[in-house]
Every structure is written in C-alpha cells, then in structure tokens.
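Notes follow the structure.
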Amino acid sequence: MKQNKKHTAKPIEAIVHGVFLVAGLITVGCVLLITVYLIISGLPAIKEIGLIPFLFGKVWASTAKTTEPSFGILPFILTSVYGTCGAIVLGVPVGFMASVYIAKLAPKKLKAVMQSAVSLLAGIPSVVYGLVGMLVLVPGIRKLFNVPDGASLLAAIVVLAIMILPSIIKVSVTALEAVPKEYEDASLALGATEVETHFKVSVPAARSGIAAAVVLGVGRAIGEAMAVMMVSGNAANMPGLFESVRFLTTAVASEMSYSGGLQRQALFSIALVLFVFIMLINAALNFFLKRDKEA
Amino acid sequence: MEANEKSILSVKELCLWYGNHQALKNINIDIPKNSITALIGPSGCGKSTFLKTLDRMNDLIPDVKITGSVEYKGEDIFAPGVDVSELRRQIGMVFQKPNPFPMSIYDNIAYGPRTHGIRNRAKLDDIVEKSLRGAAIWDEVKDRLRKNALGLSGGQQQRLCIARALAVEPDVLLMDEPTSALDPISTSKIEELAMQLKEQYTIVIVTHNMQQAVRISDNTAFFLLGELVEYGKTEEMFSQPTDKRTEDYITGRFG
C-alpha cells in the first residue's frame, strides 16, 4: 500500500491512475444506469396489468382495436426458454465434442484451422446468420417436414445452436487445455488409452469450465434477437416446433418502433423480464467460475 | 548383466532422437528381475528419457524416433501389434511430481482396475485395500477413502501414486525421481517402500541423489550425454568405478 502511494504521488502516475479509474467507472455506471432505467420503466406496466396476468397470460394482443388489448407474455417466455433449451440440446453435444477434439486430439495444423474457423463463426454478424437461415433453413424445413411455413421455432433453434457453438467451444477448449498434463500422463501410464484418458480424467477435471461454457451459451442464446426474428416467423403464438413464434427479445424489437402508451410500457417490462433472466444466468456463470478457481 | 535368463528387460542398441537431437546413444542394458536398478547422471543426460522409453511413454511426444530394441520378457515392445495399454499396465510408472487425480483416494486407486474392466464393487474394494497396504499408506487413509486425494501431504500423495500404480498388478515399476519433491522423512518412507516392493516387483528408479542410489539400489547405471557410461553392481561402482567419468561424477567433481 505504501509503495502505491509513493507511485501515485508523482503527478503523471496520478493522472494515468485517474484515467483508468474513470474508464472503470464508466463501465460500472452504464450497468447501473441500464438496470435502474429498466426497473423504473418496466414496473409501471406490470403494476397496471398485474404480475400474474402479465407473466402467465397466454394472449398477447397489444394493438387490438375491437376488443380489450391483452398483454400476456407467457408465449414469449416459453418461446425463449424452449428456444434456448433446444439450442443447448443441439449445440452442446456438438460443441463439447468439438472442443475435446480441438483441445486434445487434433493434429497441430488441423487444430489451428479449426480454431480460426471457430473464431470466424463468432465474428459473423447475427443478421448474416438470420439471412442464411431465411434463405436455406426456412425453405429446407418447409420441404423436409412438409409444413406450410418453415419460419418456425425449429428454424430458430437450429440457428441459435450454431450461434452458441463458438462460446461453448472457446471456453471449453481453454478449460480442457488448462488440465495439468501430469493427470493425463498418470492415466496413460496406467494403461488407459488416449480417449479414455480424455473422457475419464481431462473432462472431469475441466467440468467447471465446461459448465461455464454451457451457461455462456445459454446467455448468448436467450439474448439473441436479430437472427431469430428473421427465421422464427415472429407471430405471438404459444410455442410449438413448427409454429411461427416470437421470443422475448424479438417481441421488444418488433413493436418498439410503433408502440405507445401501455403497449410501450409493457415492452419495457418484457425487457425487464429478459434482464432478470440474463442476471440469473450471470449468477450461475459466476458460481461455476468461482468453483473452478477454488478447485 | 551376465545372468541373462533372469533379466526382465533387455535393451539392445537403443538410440532415440527428438527431432535432430540425439538423446540416447546406443544403450545396451539388461535389467534383472526383483531388483532395484538406479539410473544416475547429470540433468539432461537422458536417464528420464530412457526410463520413459521402457513403457513407451515417449510415444506421446511428436518427432520422436527410436531405433534398436527393448525386450520385455523376451518380446520386443516396439514390435507392431504390441498392445501399448497392456504393456503400460505391466510396466507401471511413478512420476517426479506426485500427480494424484483430482478425485477421491478410492477412485484414484480404482481408476486403473476400472479402466481394465473390473466393475465388481467387492473386488475393487479388495484391490484398493491391497494396493494401499502395499504402498504402506493404508493406515493413514483408511478412514478417509472418499476424501479428495489432493488433501493429502506431498509424501502421502506420492505413496498414493505408488499404490495407484500397484493396483493394476504390474511386474515392473518405473520411478522418475519419485522423492525429489519430498521432505527427508517422506523420502525415507518411499525408499523403505521401494526396498520392500522389490520382493515382488522389478524397480527402475531415476535419481539425482547418489546417496539414495547407494542406499536402495542393487545395480546402478551412469548416464552422460545420452550414453550409458557404466553399469554394474551398485557397491562396486561406487567403491571402484571403472570409468574416469563415473569417478568424477560420483565424487562430485561435476554434475
């Protein structure tokens, strides 16, 4: 501590110190601002509609003219939950096996190629995912399953599954590569094969990191808007695999531009619900990372 | 050694390269059964490399080239069709740094037998107890078999690793400086253990500690710059070395 004071006593040190501090405070400030704003603007609609009818109402008819407008967001919540679960079910096994291959089995050159492919996948803008999904996946689903419209929850799940691959693979690879080589040597020296060693020793040793990777994937999937809006049909139906559906994110995005009054306030409330989901996921992530550090 | 029929490992004209660097040069050595053979020499002389060749752990390093032969019980371990897993089951290894798996003590010991197909609970219990007794650590851990092995002291971890190696019923134990990370008390426990184990097993131990070689080994091999300079009965070698370089090394003139 004393040493620190000595450093900051020099004027330039103090200034630099201050600049970094401000940068840090800006970040914290943004988070606080968004949180407070979301709570303030999200609560009124919930109060007016009622928490239960809002969260568990099955009908979203925000612009109904002839009848009373209805603001139930259960279809959006379930769509987001199903969509995310579906993406996890499809994406995690692929991502997991890919990361074991990249981290442990792949020859050097192939590993480099695969890793840059994964980075590239992470860098593709979501609108491009949406576009490719619209042009390839949606017609594909229509033909394959013989349904009237391919724009559906299934299409969104497939797009999301691909989009979460990079998060899952990158974090899992890092976790697997951090497993001490001594563990693997010990296993091999006991006569276990390479694959046995990786699945019985390396993967369990990296399990916290892999769990964190999955949670990160969940966060990415639940927060995605653009790509899923383009392939999911964007109608406020209760979710079904081949239904045209709307997610929490896309509900906000698609109505915000022309909304007003209670409808607008309700959109803020949807954003608040989404925010709570993300917070829970972050808490889970921190839990896994902390456990990893302690282990 | 002259008593060829009693040797369990027989190495002939073994050369090993890492890329362009030759790490082992024309090694010829016969390791007798139920004895302790110490490998000594300065750092980088090839003794650990040699040890790892005996259970083919060098296979894992890219760019390794090996010529010559290593016969284990009369069979060349590099012959095509050799089951490396089975070879490593029979020739166990204990590493320099204690490396228990981050699992319970029980699971550490049961790992090897499970890998080789033993699922029966009672049988596993038996193996775990027998192995831990064999490594003289049973009394210290019998009440906490379900606890994480990483909670043990360094010396206990190393004996656990020896027990883990014993659990797959090997014939040979290769030890790569097993006491270099341990305190003197733990070291003497491991040395005692090694001397007990040679009744049933053949032990090859790499050591930096010449007193250790004198204390526990029957035969000693002195490596220098990838060559086997001298190999013979430990007492003879330390009392009257035949090679000048051996004499210089064991009297502490270099290394």
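The values are calculated or read from the model by the stated rules, or taken from the named source; none is laboratory data. Quick caveat: nothing in here was measured; it's all calculated off a predicted structure. All Cβ positions, even for glycine, are placed from backbone atoms using ideal geometry, and neighbour counts span all protein chains on display. These accessible areas exclude ligands, DNA and RNA; they are computed on the full protein's heavy atoms, side chains included. Shrake-Rupley method; radii C 1.70, N 1.55, O 1.52, S 1.80 Å.
Tabulated results
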{"read-out": "Residues being open to solvent by 60 Å² or more (accessible area, probe 1.4 Å), more than 23 Å from B:Pro62 (Cβ to Cβ) and touching a residue at least 12 places away in the same chain (Cβ under 8 Å) - total across the range A:90-120", "value": "2"}
{"read-out": "Only listed residue being out of contact with any Asp or Glu (no Cβ under 9 Å at 6 or more places or on another chain), assigned by TED's automatic domain parsing to the domain that holds A:Leu137 and farther than 30 Å from B:Asp176 by Cβ, chosen from A:Leu190, A:Leu262, A:Leu274", "value": "A:Leu274"}
{"read-out": "Filter result (open to solvent by 70 Å² or more (accessible area, probe 1.4 Å) and assigned to a helix (DSSP H, G or I)) within the range A:54-84", "value": "A:Phe56, A:Tyr82"}
{"read-out": "Cβ-Cβ under 6 Å pairs, at least 6 apart or on other chains, the range B:75-86 side within 14 Å of A:Leu188 (Cβ to Cβ), far side part of a loop (DSSP other than H, G, I, E, B)", "value": "B:Val84/B:Arg56; B:Ser85/A:Gly191; B:Ser85/A:Thr193"}
{"read-out": "Filter result (more than 9 Å from every other protein chain (Cβ to nearest Cβ) and either touching a Lys or Arg at 6+ places or on another chain (Cβ under 9 Å) or in contact (Cβ under 8 Å) with a residue 60 or more places away in the chain (or both)) within the range B:114-126", "value": "B:Leu124"}
{"read-out": "Residue in the range B:51-65 that is in contact with a strand residue (DSSP E or B) (Cβ under 9 Å, 6 or more places away or on another chain) and under 22 Å from B:Met237 (Cα atoms) present", "value": "yes"}
{"read-out": "Residue in the range B:184-197 that is open to solvent by less than 60 Å² (accessible area, probe 1.4 Å), at pLDDT below 95 and part of a loop (DSSP other than H, G, I, E, B) present", "value": "no"}
{"read-out": "Condition check for B:Asp126: open to solvent by 50 Å² or more (accessible area, probe 1.4 Å), not in a loop (DSSP other than H, G, I, E, B) and not aliphatic (A, V, I, L, M)", "value": "yes"}
{"read-out": "Filter result for the condition that a residue is among the small types (Gly, Ala, Ser), surrounded by 20 or more Cβ atoms within 10 Å (Cβ to Cβ) and not in a helix (DSSP H, G or I), over A:Ala236, A:Ala266", "value": "A:Ala236"}
{"read-out": "The range B:18-64, residues that are assigned to a helix (DSSP H, G or I) and farther than 14 Å from B:Met175 by Cα", "value": "B:Asn58, B:Asp59, B:Leu60"}
{"read-out": "Flag if B:Ala110 is buried (at least 16 other Cβ atoms within 10 Å of the Cβ), more than 14 Å from chain A (Cβ to nearest Cβ) and either within 13 Å of B:Ala163 (Cα to Cα) or aliphatic (A, V, I, L, M) (or both)", "value": "no"}
{"read-out": "Meets criteria (among the hydrophobic types (A, V, I, L, M, F, W, C), open to solvent by less than 60 Å² (accessible area, probe 1.4 Å), touching a strand residue (DSSP E or B) at 6+ places or on another chain (Cβ under 6 Å) and within 30 Å of A:Leu280 (Cα to Cα)) for A:Ala151", "value": "yes"}
{"read-out": "Residue check, B:Ile29 crowded, with 20+ Cβ neighbours inside 10 Å, in contact with a strand residue (DSSP E or B) (Cβ under 7 Å, 6 or more places away or on another chain) and at negative phi", "value": "yes"}
{"read-out": "Residues of the range A:13-51 satisfying the condition of being open to solvent by less than 80 Å² (accessible area, probe 1.4 Å) and touching a residue at least 24 places away in the same chain (Cβ under 8 Å)", "value": "A:Thr35, A:Leu38, A:Ile39, A:Ser41, A:Gly42, A:Pro44, A:Ala45, A:Ile46, A:Ile49"}
{"read-out": "The lone exception for B:Ala136 - which of (1) in a loop (DSSP other than H, G, I, E, B); (2) free of Cβ contacts under 8 Å to residues at least 40 places away in the same chain it fails", "value": "(2)"}
{"read-out": "When residues of the range B:154-183 are limited to those that are open to solvent by 60 Å² or more (accessible area, probe 1.4 Å) and over 15 Å from the mean Cα position of the chain (by Cα), the one farthest from the other protein chains (Cβ to nearest Cβ)", "value": "B:Asp183"}
{"read-out": "Of all residues making up the range B:88-107, the number that are facing chain A (nearest Cβ under 8 Å) and among the aliphatic types (A, V, I, L, M)", "value": "2"}
{"read-out": "Residues located in the range B:229-255, provided they are open to solvent by 80 Å² or more (accessible area, probe 1.4 Å) and under 24 Å from the mean Cα position of the chain (by Cα)", "value": "B:Lys233, B:Glu235, B:Glu236, B:Gly255"}
{"read-out": "Search result, residues across the range A:210-233 that are surrounded by 24 or more Cβ atoms within 10 Å (Cβ to Cβ) and of a type outside the set (A, V, I, L, M)", "value": "A:Gly217, A:Glu224, A:Ser232"}
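Rundown of residues vs (1) within 14 Å of chain A (Cβ to nearest Cβ); (2) over 19 Å from the mean Cα position of the chain (by Cα); (3) open to solvent by 30 Å² or more (accessible area, probe 1.4 Å), yes/no style:
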| site | (1), (2), (3) |
| --- | --- |
| B:Asn20 | no, yes, yes |
| B:Gly41 | no, no, no |
| B:Ile61 | yes, no, yes |
| B:Val82 | yes, yes, yes |
| B:Glu86 | yes, no, yes |
